[in-house]
Each structure stands twice: as structure tokens, then as C-alpha cells.
């Protein structure tokens, strides 16, 4: 009798998992940015995180080390990067540790600081300036009022676009997008789905060390519901001070911030 019950429970669990996977694929297919990944998703890409289920796409799934859930983060927010911007601690910079960071954050997260909805690009959940127990990285911005005698120089900030489908949303922010030859993209529809593209921003930088921070910022795509849980994907994850109205580094500059070069 005990064996029959155990087998029945196992059967029910497998059925629930199959239903969750089917629902996850359905929701991803509806998402403007992610729909191309839907057929490749397995239950290993779905990670329980309290009231949330996190979609995780590893680089090997996309055959590109610069893509995947944490591709941008590991490229731009590592201490080895020469690009201006906040940096995560070295011990966090693996997929396993980044998953752990997001999952632990979501298990304790209260209501988002902000919810955003767009008819084409979907919904986002945003948490800004959330203090963590320990330092998570280094902050890279300082307001010009704190350094009145600073003489900033302009840094030509270029960063690879990891997902071609993100180009319309990027250009909607007023950012320049360049192709691999450095030509400016006139409109999103001109992008070649097989091409390589880069965002370009002119940002003010000054000399100075980056500063340890406990602040964490998490922006997730709200993909819908799987049962009672919210199905989410990582849009952005970074340490340091955030300004909710700043969508990119150019916006931080408009608000009066300089980017610190850091010390090598």
C-alpha cells in the first residue's frame, strides 16, 4: 500500500511539472523578447524562488557566452571590465552564485518599488536600492554636487546588444545603436536578425575609486502566472545606488551623476 501511494505521489508530481513546463513555454512564446527560446526550455530552466518562478537560460542553451540570463551582467558588471559602471564582488560572478543571489532576494522581497507595463514590451517588476546584509559589490557613480571641482571627460561607452529583439526598447530610450561596422541604425526594423549590434552612450567620467555598497537593484520581466506563482525573467541586476527614472547611463548623466573610473 505504501509503495502504491509513493508511486501515485510521484505520478502527480510529474504531471504537475509537465503542466508547469507547458505553461512556461506558452508564456515565453507570448513574450516579445524571449519567444525565440520557448521550444528549448526544459524543467531545468525553471527555478523556484518563493512566490516566483525564475526563468534561467544558460549560455550553452543559446550557444553564446555573451547571452543567457546573466550574459550582460558577467560582461559589464565584473571587476575585470574596463567599462564604467558598478561591479559585483568576484565571488558572485558565476551563474550559480547569481541564481542564488536572485532566488534569495525573491524569497524575501516585499512589493516591488515600481511596476511598469508596456503594450508591446511587456510588464516589469522593479526593486531599487535594496540594502543587503553584506556588501555585494562596488558603486560607480557620484553626484556632481559631491565633487564640485571635478573635471569630467567623455567616455565613448559601447556595449553589445545580447538580444536583437531588445533593439526597439533600447532605441525607445533614445539610445544610439550601431552595427558591427559602426554604422548608426536608423530604425529598429532595419536590424538584421543575424547581425551584431552595440549600444552607444557618451557618459561623463572622473578619476576616483569605486565604493563598496550593500545596495542591490533587481528588474524582472513579469511573464505571467504559473499556478499561484509569478513567472519572471531577469532584465537587469546591478549593485549600487539607483535612480528609478534612470533607464541607462545617459539618463544618470542627465541627473547630474559622474561615473568613477576606478583604480586598476
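The values are calculated or read from the model by the stated rules, or taken from the named source; none is laboratory data. Keep in mind it's a predicted model, so treat the numbers as computed, not measured. We place every Cβ from the backbone using ideal geometry, glycine too, and count neighbours over all the protein chains shown.
Summary of computed values
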| read-out | value |
| --- | --- |
| Any pair with Cβ under 9 angstrom, 6 or more apart, that starts in region 132-154 at a residue that is at positive phi and free of Cβ contacts under 8 Å to residues at least 60 places away in the same chain and ends at one that is surrounded by 19 or more Cβ atoms within 10 Å (Cβ to Cβ) and assigned to a strand (DSSP E or B) | none |
| Tally of residues being in contact with a helix residue (DSSP H, G or I) (Cβ under 7 Å, 6 or more places away or on another chain), under 18 Å from residue 68 (Cα atoms) and buried (at least 16 other Cβ atoms within 10 Å of the Cβ) across region 166-198 | 2 |
| Some residue of region 89-110 being in contact with a strand residue (DSSP E or B) (Cβ under 9 Å, 6 or more places away or on another chain), loosely packed, with under 13 Cβ neighbours inside 10 Å and under 21 Å from residue 47 (Cα atoms) | yes |
| Residue among 14, 20 that is surrounded by 10 or more Cβ atoms within 10 Å (Cβ to Cβ), assigned to a helix (DSSP H, G or I) and at pLDDT below 90 | 14 |
| Subset of region 133-164 (residues that are surrounded by fewer than 16 Cβ atoms within 10 Å (Cβ to Cβ) and within 15 Å of residue 241 (Cβ to Cβ)) | 135, 143, 144, 145, 146, 147 |
| Residue selected from region 43-60 under the condition under 27 Å from residue 193 (Cα atoms) and out of contact with any helix residue (DSSP H, G or I) (no Cβ under 7 Å at 6 or more places or on another chain), by the criterion surrounded by the most Cβ atoms within 10 Å (Cβ to Cβ) | 45 |
| Matching residues, region 119-131, being touching a helix residue (DSSP H, G or I) at 6+ places or on another chain (Cβ under 8 Å) and either farther than 15 Å from residue 244 by Cα or loosely packed, with under 11 Cβ neighbours inside 10 Å (or both) | 120, 121 |
| Of all residues in region 208-228 being in contact with a helix residue (DSSP H, G or I) (Cβ under 9 Å, 6 or more places away or on another chain) and either part of a strand (DSSP E or B) or modelled with pLDDT of 95 or more (or both), the one that is surrounded by the fewest Cβ atoms within 10 Å (Cβ to Cβ) | 225 |
| Among residues of region 229-264, those that are touching a strand residue (DSSP E or B) at 6+ places or on another chain (Cβ under 9 Å), surrounded by fewer than 22 Cβ atoms within 10 Å (Cβ to Cβ) and in a loop (DSSP other than H, G, I, E, B), counted | 9 |
